[in-house]
Amino acid sequence: ILKDLITFFKEIQTHYEHRSKSLIRLGNVLNNTSTPPGFLSEGGLDDALQVLRNYNKQAIAESNKAREIEEDVILALTGLRSDLHQKIKEIKNLSGDFKNSVDKEMDATRRAVNSLQEILGKTELDPALTTGKEDPYLLRLAVDRQLERQIDEENYLHQVRTSHHVHLWETLVQN
């Protein structure tokens, strides 16, 4: 959006510059035009030339807005765009902080819960089938540990995102 706005205002600036140059050329023609000595100095063609000269001076002053657009609008938008590019680079550099294993931990939790459900189903049929590694109590402890790992990973990700959002917000507010 900023790039398009900059282009838009550059086009306006170019229009004003061309208009200014044309008006200056017209003004030079008017300034080099003089009434012959036999014409009236007032109330004739000379008055028309003075009106045109005054109009042209005002038009030239008006067309000098190109400089104001360059100084005020385009430079400000270009600076803002540059700042945004810098912030984008900072965010990309921070992207490593957002790497996490939440998906991996969720898969491990899902597998642990499925194993526990399967063993509980076997226990209902014959409790003697669920001994050793397949002890429901041990599998329940494994599910609890896995849930703790998943929650720790999710909390870490949330803390990192929150701290980075606060940092970016503070930076944007300062600028």
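Structure notes:
- The value for the chain of Rg(Cα) / (2.2 N^0.38 Å) is 2.45.
- As a fraction of the 1.4 Å probe accessible area of the chain, surface on carbon and sulfur atoms comes out at 56 percent.
- Of the residues S20, S163, the one with the largest accessible area comes first in the ranking S163, S20, computed with a 1.4 Å probe on protein heavy atoms.
- The C-alpha atoms of the chain define a longest principal axis, and helix 136-174 lies at about 10 degrees to it.
- To the nearest 10, the accessible area of E118 is 110 Å² with a 1.4 Å probe.
- A 1.4 Å probe run over the protein chains yields, for the stretch 19-86, 72 Å² of accessible area per residue, whole-number rounding.
- Of the residues Y137, Y16, Y156, the one with the largest accessible area comes first in the ranking Y137, Y156, Y16, computed with a 1.4 Å probe on protein heavy atoms.
- Solvent accessible area, Å² - D126, 1.4 Å probe, full protein context: 70 Å²
- Sites E154 and R110 - FRET efficiency at Förster radius 22 Å, r taken between beta-carbons, to 0.05: 0.95
- Cα centroid separation - the stretch 134-150 against the stretch 30-88, whole Å: 80 Å
- Value of [θ]222 nm, deg cm²/dmol, for the chain, DSSP H segments ≥ 4, -39500 (n - 2.57) each, nearest 500: -27000 deg cm²/dmol
- Added length on full extension, which subtracts the Cα-Cα distance from 0.36 nm per residue, E90 to E71: 4.0 nm
- Length added when fully stretched, V102-I24, from 0.36 nm per residue minus Cα-Cα: 21.3 nm
The values are calculated or read from the model by the stated rules, or taken from the named source; none is laboratory data. Just so it is clear, the model here is predicted, and its values are computed rather than measured. Cβ coordinates were reconstructed from backbone atoms using ideal geometry, including for glycine residues, and neighbour counts include every protein chain displayed. Note: accessible area is taken over every heavy atom of the protein model, side chains too, but ligands, DNA and RNA are not part of it. Shrake-Rupley method; radii C 1.70, N 1.55, O 1.52, S 1.80 Å.
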